[in-house]
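Report on the following structure.
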Amino acid sequence: MDRITKRFKELKERGEGGLISFITAGDPSADATIKIADALVSGGVDFLELGLPFSDPMADGPTIQKGTERSLKAGMTPDIYFEVAKEIKGVPKICLTYYNIVLRRGFERFIKDCKRAGIDGLIVADLPIDEAAPLLERCRAENFHLIFLAAPTTSDERLRWILRESSAFLYLVSLLGVTGERERLSAYVSPLLRRIKALEQELEKAMSVAVGFGISKPEHVRSVIDAGADAAIVGSAFVRLIEDNVHDEEKMLRTVEEFARALKDAACGGVRRVT
Amino acid sequence: MTHKFGKFGGRFVPETLIPALEELEAGFKKYSKDSAFQEELNWLLRDYAGRPTPLYFARRLTERVGGAKIYLKREDLVHGGAHKLNNTLGQALLAKYMRKTRVIAETGAGQHGVATAMACAALGLKCEVYMGTEDVERQKLNVFRMRLLGASVIPVDTGSRTLKDAINEALRDWITNVETTYYLIGSVVGPHPYPTIVREFQRIIGKEAKQQILAKEGKLPDVIVACVGGGSNAMGIFYDFLDDDVRLVGVEAGGLGLETEKHGASLTAGEDGVLHGMLSKFLQDEHGQIRTTHSIAAGLDYPGVGPELSHLMEAGRVEVDVATDEEAIDAFQLLCECEGIVPALESAHAVHKAVKLARSMSNNEVIVVNLSGRGDKDVFVVADFMNVKL
């Protein structure tokens, strides 16, 4: 069993909500990323989504865009990315990027590099299920997870399709919009989770579900777990802590770890999913 | 409707947008066959935009060059000064029929932004235009024109702060406000169905040109030349000639020369990639990061190109060449002097190539150039290039 699936299983057995943290590799530097990831692991995150930056991050809000710019300016490339990823230990790792980066490197080479770096899954922000067949085929041949996203606008018909093709977990976009911190949790989350539950039963396929976009506070994490999600995904809030403390690494690492702990505590305090 | 042109095209967008693209496709299919829609669009094109535009025999230019007869399809005479309005009227009307109350658009030089603002004003729609801060600075006049026309201009201060970043930001807006908002793309780019929709609204250029040249010459032209940025004026004039025995030539921005990387020649020098929702040819580095581009013609300053053009080039149906900044300026001056027509610098790229071709052809052969826009907007840039202080 791969590390992502295994971790979800453990979480379920322990009755814990999971926490997925996102950071962009190379923001603000390759070395710092390894330390930030260690801080996240110490803080108790269950999974690490490690962003491989693309010059034109269409699905990201201003906070992650700026992180992307910092990383690219500091010289991040896919080669360096895989080196950095390899150094990060103690947590299942997922690569998050945009399609052109994968396309450019070649599917086979990209997947092999991921696996060599200990990455178990891939999320491609601008690759909907409709266009995914060529990459999906390659991933399956390599026993590697391609993780899909579903959104509040996704129809039941598309959700069925996405659920059928999904592995590892389903990434649920909580709102209409791009990534970024929000004051309140989107009202779309609960109804969307209920729809997914019903479709999982219909398809007789149980799928772990992680909710992301706009999840930036412990109470948001608690709410999505209470609503029946298996994990919450927090990105921009971490990237902002990095940005705010870009000239004080010690403080950056401390605040990142503390924030991760607060989020994970909230995830654990949650009631297990309603069925 | 076909999602792909050969292997190019598709819709590589975040899941959130897929239903909106499906809604758009359904709306376009429905209303492009709706007689009330067609009637209103034809009325707008005739009485508001000033169509049909003339096909003008450039006799003094032909004489000066010596060789094939050169005709100019006068899209510079469309209201607003460029072919852009053909598309914005079509799409803004579509937005209205689809009951969307808010229109957003991206713009580089500001021509598409101005054409969108005009169409929205004429149809009573709220209009917001995204524009890179670099372009806002370079194109102050168009920014003011858009505001006069009732549009809001939203500066984009991310990435290279130019057209590609304005598109990113417009897409982000659309993802957020997808239920009420119509995204009016300005060229034959973006996710399916945009490349098809924009081409269909621009096809009128080729349809008219075909009738006009048959009336004037009693035969089809030997060559049609158009400049290519995103490719809307090229697809617009090429499309109705695809099945004919006519050479179709696209001219890209050679900028300071292909060897400098300061150009916008995505068909000539780009490689397969995915950006802005489409698989097409893009200028990119070895890792897949999109390059910044350069052209003296702001409308050609884009690292990608429409997927249908990528396909037509690979299929060998469309030939592609480049004209440098300097060559475009020379052609600009030549057309000013010979014909009293001030072409857009974008269109001047096509004029350059037409002149080059005409010289090698005989005087019973015919070239049609899509003169996609007028160059009033460019006089400051040209003066600057010529070291003239205004």
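The values are calculated or read from the model by the stated rules, or taken from the named source; none is laboratory data. The structure displayed is predicted, hence computed values, not measured ones. Quick reminder, even Gly has a Cβ in these numbers, built from the backbone with ideal geometry, and neighbours come from all protein chains shown. All accessible areas refer to the heavy atoms of the entire protein, side chains included, with ligands and DNA or RNA removed. Shrake-Rupley method; radii C 1.70, N 1.55, O 1.52, S 1.80 Å.
Looking only at residues of the range A:138-154 that are over 18 Å from A:Pro92 (Cα atoms) and β-branched (Val, Ile, Thr), we find that the one that is least open to solvent (accessible area, probe 1.4 Å) is A:Thr154.
Screening the candidates B:Ile296, B:Ile290 for the property of being in contact with a Lys or Arg (Cβ under 9 Å, 6 or more places away or on another chain) and of a type outside the set (Ser, Thr, Tyr) yields one hit, B:Ile290.
Taken over the range A:160-190, the criterion of being outside any loop (DSSP other than H, G, I, E, B) and open to solvent by less than 60 Å² (accessible area, probe 1.4 Å) is satisfied by A:Ile162, A:Leu163, A:Glu165, A:Leu170, A:Tyr171, A:Leu172, A:Val173, A:Val189, A:Ser190.
Residues in the range B:236-250: is at least one open to solvent by 30 Å² or more (accessible area, probe 1.4 Å), over 17 Å from the mean Cα position of the chain (by Cα) and in contact (Cβ under 8 Å) with a residue 60 or more places away in the chain? Within the range B:236-250 (the criterion being open to solvent by 30 Å² or more (accessible area, probe 1.4 Å), over 17 Å from the mean Cα position of the chain (by Cα) and in contact (Cβ under 8 Å) with a residue 60 or more places away in the chain), the answer is yes, since at least one residue qualifies. For the range A:77-110, filtering for residues that are within 11 Å of another protein chain (Cβ to nearest Cβ) and among the small types (Gly, Ala, Ser) leaves 1.
Is there a residue being within 14 Å of chain A (Cβ to nearest Cβ), open to solvent by 40 Å² or more (accessible area, probe 1.4 Å) and modelled with pLDDT under 95 anywhere in the range B:253-263?
Looking through the range B:253-263, none of the residues is within 14 Å of chain A (Cβ to nearest Cβ), open to solvent by 40 Å² or more (accessible area, probe 1.4 Å) and modelled with pLDDT under 95.
Residues of the range A:1-16 that are of a type outside the set (Phe, Trp, Tyr) and in a helix (DSSP H, G or I): A:Arg3, A:Ile4, A:Thr5, A:Lys6, A:Arg7, A:Lys9, A:Glu10, A:Leu11, A:Lys12, A:Glu13, A:Arg14. Entry remark, the range A:160-187: residues being away from chain B (no Cβ under 14 Å) and touching a Pro at 6+ places or on another chain (Cβ under 7 Å) number 0 in total. Condition first: touching a Lys or Arg at 6+ places or on another chain (Cβ under 8 Å) and away from chain A (no Cβ under 14 Å). Can you find one or more residues in the range B:156-179 that meet it? No, every residue in the range B:156-179 fails to be touching a Lys or Arg at 6+ places or on another chain (Cβ under 8 Å) and away from chain A (no Cβ under 14 Å).
Of everything in the range A:1-32 that's of a type in the set (D, E, K, R) and over 17 Å from A:Gly121 (Cβ atoms), which residue is least open to solvent (accessible area, probe 1.4 Å)?
Initially, the range A:1-32 is screened for residues of a type in the set (D, E, K, R), giving A:2-3, A:6-7, A:9-10, A:12-14, A:16, A:27, A:31.
From the residues that got through so far, the ones that are over 17 Å from A:Gly121 (Cβ atoms) too are A:12-14, A:16, A:27, A:31.
Working: A:Lys12: 96, A:Glu13: 130, A:Arg14: 132, A:Glu16: 36, A:Asp27: 1, A:Asp31: 108 Å².
Restricting to residues being of a type in the set (D, E, K, R) and over 17 Å from A:Gly121 (Cβ atoms), the top hit is A:Asp27.
Kindly check whether there is at least one residue in the range A:191-202 that is modelled with pLDDT of 95 or more, within 11 Å of chain B (Cβ to nearest Cβ) and buried (at least 17 other Cβ atoms within 10 Å of the Cβ). No - not one qualifying residue is present in the range A:191-202.
Scan the range B:142-153 and give yes if some residue there is touching a residue at least 60 places away in the same chain (Cβ under 8 Å) and hydroxyl-bearing (Ser, Thr, Tyr), otherwise no. Walk me through how you get there before you give the answer.
Initially, the range B:142-153 is screened for residues touching a residue at least 60 places away in the same chain (Cβ under 8 Å), giving B:142.
Adding the requirement that they be hydroxyl-bearing (Ser, Thr, Tyr) leaves none.
No, every residue in the range B:142-153 fails to be touching a residue at least 60 places away in the same chain (Cβ under 8 Å) and hydroxyl-bearing (Ser, Thr, Tyr).
In the range A:228-250, the count of residues that are open to solvent by 10 Å² or more (accessible area, probe 1.4 Å), more than 20 Å from A:Asp60 (Cβ to Cβ) and among the small types (Gly, Ala, Ser) is zero. Against the condition over 28 Å from B:Asp173 (Cβ atoms), at pLDDT 95 or above and buried (at least 16 other Cβ atoms within 10 Å of the Cβ), how does A:Phe259 come out, does it pass? Yes, satisfied. For the range A:140-159, taking the residues that are more than 18 Å from the chain's Cα centre (by Cα), free of Cβ contacts under 8 Å to residues at least 40 places away in the same chain and not in a loop (DSSP other than H, G, I, E, B), the one that is nearest to the other protein chains (Cβ to nearest Cβ) is identified as A:Arg158. With a requirement of 3 or more residues that are under 20 Å from the mean Cα position of the chain (by Cα) and buried (at least 24 other Cβ atoms within 10 Å of the Cβ), the helices (runs of 4 or more DSSP H) lying completely within the range B:34-112 that satisfy it span B:84-97. Could you tell me whether the range B:204-220 includes any residue that is assigned to a loop (DSSP other than H, G, I, E, B) and buried (at least 24 other Cβ atoms within 10 Å of the Cβ)? No: zero hits. Exactly one residue out of B:Ser266, B:Ser280 is within 16 Å of B:Val189 (Cα to Cα), within 14 Å of chain A (Cβ to nearest Cβ), among the hydroxyl-bearing types (Ser, Thr, Tyr) and in contact (Cβ under 8 Å) with a residue 60 or more places away in the chain: that is B:Ser280. Comparison of B:Asp330, B:Asp321 shows that the only residue that is of a type in the set (Asp, Glu) and open to solvent by 50 Å² or more (accessible area, probe 1.4 Å) is B:Asp330. Scan the range A:33-76 for residues that are surrounded by fewer than 20 Cβ atoms within 10 Å (Cβ to Cβ), in a loop (DSSP other than H, G, I, E, B) and within 12 Å of chain B (Cβ to nearest Cβ) and the total you get is 1. Mind listing whichever residues of the range A:111-131 are in a loop (DSSP other than H, G, I, E, B) and either within 10 Å of chain B (Cβ to nearest Cβ) or open to solvent by 30 Å² or more (accessible area, probe 1.4 Å) (or both)? Matches in the range A:111-131: A:Ala125, A:Asp126, A:Leu127, A:Pro128. Check off (1) within 14 Å of chain A (Cβ to nearest Cβ); (2) surrounded by fewer than 18 Cβ atoms within 10 Å (Cβ to Cβ); (3) in contact (Cβ under 8 Å) with a residue 40 or more places away in the chain for B:Thr16 and give me the number that stays unchecked. Only one criterion is unmet by B:Thr16, namely (2).
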